[in-house]
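Contents: one structure, followed by commentary.
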């Protein structure tokens, strides 16, 4: 969640088939994303906006080094100079920044369950956006899946009398991000490099401003915190690279199953590690979402087998 994800399974040249290696690489990416709340909790003393600023800057430095090693800087320059790619990437940059900020804020304010629900909903949001903007047709089972998920969110909203804004903000910001990245002709690593570069134009001055005010956490709260802030790239750029390597070696239906590892990890961490209260309404909502995902996954497998 927090990166390009399953929308760009083939970047540059296709890799030779290697299902086991592909599952390991892609699965590792989702495990890293799924375990990330444990990491973000360690940064609870730092404001969410400052954490995101560090995440952006250090991720761009990591990606810049990766592109330099691969000799792909010309791809970055082309993406920045083309009128067909830069404006959409500016928009995708806004959506991914909102997604990152809301997620880190949610984790450090005790809303991991809502974050989990948001990423369970995301694949179904992707389906709906594809239907609306790309004129993709839903098969009957997929329609039932979307309807069940919508019922789950509506039930939770009516039960609490409050809008589940964290879940929906995460789902729709990432869904819209995915929609844009799906139609823009740029690879995931290059695209994320452009996005982190654009965000760094604001993030770096903000960090310098905090440093001059004397309120920034970096180099003021100890070596451990400094290393944690630098390590934010581990949960941003590294899993995206692993995902890209893995997704090119396995079927898209396999990717679809693997992507539920992360929100499942969020759910287990919220309940058994962070001890967030779980109500019957939340359990029922999750059951509706899981049923919807089961229907959607079953439909995908049946459809794939029919036409493979």
Discussion item. So, in segment 79-100, exactly how many residues are surrounded by 13 or more Cβ atoms within 10 Å (Cβ to Cβ), out of contact with any helix residue (DSSP H, G or I) (no Cβ under 8 Å at 6 or more places or on another chain) and in a helix (DSSP H, G or I)?
Written reply: 1
Worksheet item: If you go through segment 248-289 one residue at a time, how many are under 21 Å from residue 26 (Cα atoms), modelled with pLDDT under 85 and part of a helix (DSSP H, G or I)?
Response: 7
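Rundown of residues vs (1) under 26 Å from residue 134 (Cβ atoms); (2) modelled with pLDDT under 90; (3) part of a helix (DSSP H, G or I), yes/no style:
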{"residue": "12", "(1), (2), (3)": "yes, yes, no"}
{"residue": "16", "(1), (2), (3)": "no, yes, no"}
{"residue": "31", "(1), (2), (3)": "no, no, yes"}
{"residue": "34", "(1), (2), (3)": "no, no, yes"}
{"residue": "57", "(1), (2), (3)": "no, no, yes"}
{"residue": "61", "(1), (2), (3)": "no, no, yes"}
{"residue": "67", "(1), (2), (3)": "no, no, yes"}
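Residues are listed down the side, and each one gets a yes or a no for (1) modelled with pLDDT of 90 or more; (2) more than 17 Å from residue 182 (Cβ to Cβ); (3) touching a strand residue (DSSP E or B) at 6+ places or on another chain (Cβ under 8 Å):
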| residue | (1), (2), (3) |
| --- | --- |
| 83 | no, yes, no |
| 87 | yes, no, no |
| 90 | yes, no, no |
| 96 | yes, no, no |
| 100 | yes, yes, no |
| 113 | no, yes, no |
| 130 | no, no, no |
| 134 | no, no, no |
| 141 | no, yes, no |
Fill in: Tally, over segment 273-308, of residues that are more than 26 Å from residue 243 (Cβ to Cβ) and surrounded by fewer than 17 Cβ atoms within 10 Å (Cβ to Cβ)
11
Discussion item. So for segment 196-208 (the condition being part of a loop (DSSP other than H, G, I, E, B) and closer than 23 Å to residue 41 by Cβ), does at least one residue qualify?
Written reply: no
Worksheet entry | Among residues of segment 147-167, those that are touching a helix residue (DSSP H, G or I) at 6+ places or on another chain (Cβ under 7 Å), surrounded by fewer than 19 Cβ atoms within 10 Å (Cβ to Cβ) and under 25 Å from residue 91 (Cβ atoms), counted | 1
Worksheet item: Taking residue 226 and the conditions (1) farther than 30 Å from residue 81 by Cβ; (2) modelled with pLDDT of 90 or more; (3) surrounded by fewer than 19 Cβ atoms within 10 Å (Cβ to Cβ); (4) touching a helix residue (DSSP H, G or I) at 6+ places or on another chain (Cβ under 6 Å), which numbered condition does it fall short on, given that it satisfies the others?
Response: (4)
Worksheet item: What about residue 131, is it surrounded by 15 or more Cβ atoms within 10 Å (Cβ to Cβ) and without any contact (Cβ under 8 Å) to a residue 40 or more places away in the chain?
Response: yes
Discussion item. Between a residue in segment 204-217 that is on the phi < 0 side of the Ramachandran plot and modelled with pLDDT under 90 and any residue that is in a helix (DSSP H, G or I) and surrounded by fewer than 11 Cβ atoms within 10 Å (Cβ to Cβ), which pairs come within a Cβ distance under 7 Å, given they are 6 or more apart or on different chains?
Written reply: none
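The values are calculated or read from the model by the stated rules, or taken from the named source; none is laboratory data. Values in this document were obtained by computation on a predicted structure and should not be read as measured data. For neighbour counting, all protein chains shown are included, and Cβ atoms are generated from backbone atoms with ideal geometry for every residue, glycine included.
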